[in-house]
Each structure stands twice: as C-alpha cells, then as structure tokens.
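Everything on this sheet refers to the single structure shown next.
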Amino acid sequence: MTGTIIKALSGFYYVDCDGTVITCRARGKFRHTGTSPLVGDRVEITELGGNTGSVDRVLPRKNSFVRPAVANMDMLVMIAAGVNPITDPFLIDRVAAIAERKNCEPVICINKCDMEPCHALYDIYHKAGFITLQVSAITGEGISDLANTIAGKTVVFTGNSGVGKSSILNALDPTLSITTGEVSEKLGRGRHTTRHVELFRLPNGALVADTPGFASFDTEVPELLNKEELALAFREFHPYLGDCRFVGCSHTKEKGCRVLEALHEGAISESRHKSYLRLYEVAKEYKAWEH
C-alpha cells in the first residue's frame, strides 16, 4: 500500500495511508544506497500488523531538500522577523534561491508585525516579485491571508529559531497546540522547541511541515547552487539575463552588465544583489558541488 510520510523520528517513519498512520522502519537497502526517506515522501509500504510496517520504496519526488529534510513541497514559507530575533535578509535569499531552483514557490512571511512592521524588508521581497505577507501570530493580523495562500498546498515552514513558526501554525489551527518557546532577550534567538520535522494537516487542506529552527545558517552544505545557475535563482534578474555585453557574465563587476545597470537604476534591490554576490563567492570555492 502507499502513503505519505508525515513524521520521521528516531529511525521510525510515520506513514499516513488514507487516514491511518502506520509506524514503519525503512528496509536495510536504504542504508546500502545512502538514501533516506524524507517527510513528505510518497512511499510504498508493507504492513506487518499492529499498525506497524516497513518502507519498501520511495516514489519519484517532485523535489527534496537537505535542510530542512523534506520532499515534495509546493511552497517554502520563510518565516522572518524584524525584532527579537532580527532575520538577516541573506538567510531569506539563500533559502529562496534553493527553493526557486527546485520548483518550489518561495513565500516570505514576516511575523511579529504588531511589534515591528518591517516595511523595508517587506518592500525588498514584494518588489522582487515574491508573495510577501506581514502577520502576527499574537494578534492574528495577516493569518487569514497566509491561510488563503497555502490552502490545499504541501508547505514547509522554515526560519531561524524564535521567529514564530510554531506560533503561526497554532494561529492557523489552534487545535494543534504545538509547544512554543520564548526568545532569549540576551541572545536574541529562540529555543529549539521543534525537535523533528512533522507534517500537520490544516482545516484549509494544507499539509504544513514545521521544522527545527536554526540559530545561524551554515552556507557550507552540498545544497548550494553552482555559480552558472545562481543568477536564474534570483527572479528579478530574469528580464536582464542574456542582454549583457559579454557571454558568461557573472553579474558581479563586468562593464555592460544589464543586471548591474538594473541595480544602479533601482530595479534590483541592493540587499538582494549583495546576497547574490555572497552566494557567488561561496559557489566559486566549491567547484566539486557543480557536478
């Protein structure tokens, strides 16, 4: 029978088969191939009795991510905040770039707008063409807009610790009662209340993965894009690609670069281009990832 992995924890995979959750182990062949089933995977399983079973095969994926470890996502919602903790735009840009190249729609969701509306951050991503929302898990502002955006989709929430991923999920569906943590005033970051990845089904038909937060973002992982395709992951660059003076333009410092001209004209934000330059430098150093 087939189902969807809704939770992975301590070597067990919880597979939803038409409303019945079967607790499974993965067959040994997955260890031999160096692959692992992921939350969001559609899988074939064998029932072993007592609501237990084994994962036999992972069905073809639409996409998959290393961090967070999920598969088959329609949308990646990057939860950000302009206060306690303040989200570095580079974190948003890196995650969004990966999502763009994996056929997954990035959504920028700025939480805690009751404390800090963060208009400058909103303007950066709205101008770049992203679905950009301002919400408050406390007051409920913008939560209905978020619910409408993700309705019927398979979605992953990600972001640095303390921005309110679990709180937003609780606001979308109060019956979930997911544990949330306070943000350290001294460190400006939250406690890692979410310890594993799990899919929650919301009343609007969305399947949402809540993921462990991160205190900082490690760029040195094999999911980084190679430098040749990096520009394609910045959607506001698209109208200018191919119009540069030189073939193979890196859009970093060349004369006659249309992307740089658009930057100087204000059509591309300085913040986004700085993130592009930072990612480009990292991509250059890790040539092995290009293959």
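The values are calculated or read from the model by the stated rules, or taken from the named source; none is laboratory data. Note that the structure is a prediction, hence the values are computed from the model and not measured. Every residue, glycine among them, receives a Cβ derived from its backbone with ideal geometry; neighbour counts consider all protein chains shown. Note: accessible area is taken over every heavy atom of the protein model, side chains too, but ligands, DNA and RNA are not part of it. Shrake-Rupley method; radii C 1.70, N 1.55, O 1.52, S 1.80 Å.
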For the chain, what is the accessible area per residue in Å², given a 1.4 Å probe and the full set of protein chains?
48
Please tell me the relative contact order of the chain in percent, rounded to the nearest whole number, where contacts are Cα pairs under 8 Å and at least six residues apart.
15
In the chain, which whole DSSP H runs stretch at least 20 Å along their own axis (Cα) and average -0.5 or higher on the Kyte-Doolittle scale?
none
Taking DSSP loops as anything outside H, G, I, E and B, show the longest stretch in the chain free of GluC sites (Glu not before Pro) there with at most 13 other beta carbons within 10 Å.
1-181
Flagged as over-length at 19 Å C-alpha distance, from LYS62/LYS284; LYS253/LYS274; LYS102/LYS274; LYS102/LYS127; LYS62/LYS227, the pairs are LYS62/LYS284; LYS102/LYS274; LYS102/LYS127; LYS62/LYS227
Scoring only Lys, Arg, Asp and Glu (+1, +1, -1, -1) among other residues with Cβ under 10 Å from the Cβ of VAL208 yields 0
Among PRO203, PRO89, PRO37, residue whose mean-square fluctuation peaks in a GNM of the chain (springs only between Cα atoms under 10 Å)
PRO203
Which peptide among 240-247, 53-60 comes first, and what is the full order, when sorted by highest mean count of other Cβ atoms within 10 Å?
53-60, 240-247
Row for the range 1-153, column shape: gyration tensor on C-alpha, a ≥ b ≥ c, rounded if a/c < 1.5 i.e. under 1.5, prolate if a/b over b/c, else oblate; value prolate
Helix-only mean residue ellipticity at 222 nm for the chain, each DSSP H run of n ≥ 4 adding -39500 (n - 2.57), per residue, nearest 500:
-7000 deg cm²/dmol
Would you work out which of SER144, TYR13, ALA171 lies farthest towards the positive end of the dipole of the chain? Charges go on Cβ: Lys and Arg +1, Asp and Glu -1.
TYR13
Of the candidates VAL39, VAL83, VAL135, which one comes out as most mobile in a Gaussian network treatment of the chain with C-alpha springs shorter than 10 Å?
VAL83
Let me know the charge dipole size of the chain about its Cα centre in debye, to the nearest 20, where only the beta-carbon of Lys, Arg (+1) and Asp, Glu (-1) is charged.
760
Ignoring ligands, DNA and RNA, what percent of the 1.4 Å accessible area of the range 121-175 is carbon and sulfur?
48
In whole percent, and with a 1.4 Å probe on the protein chains, what portion of the accessible area of the range 1-108 is carbon and sulfur?
50
Please say if the chain is rounded, prolate or oblate, where rounded means a/c under 1.5 for a ≥ b ≥ c the square roots of the C-alpha gyration tensor eigenvalues, and otherwise the choice is prolate for a/b larger than b/c and oblate otherwise?
oblate
Contact order normalised by residue count of the range 3-129, Cα under 8 Å, 6+ apart, percent:
17
Specify the residue with the greatest mean-square fluctuation among ALA99, ALA81, ALA206, computed from a Gaussian network of the chain linking alpha-carbon atoms under 10 Å apart.
ALA206
With just the Cα atoms of the range 82-183, tell me how far they stretch along each of the three principal axes, in Å, largest first.
34, 30, 21
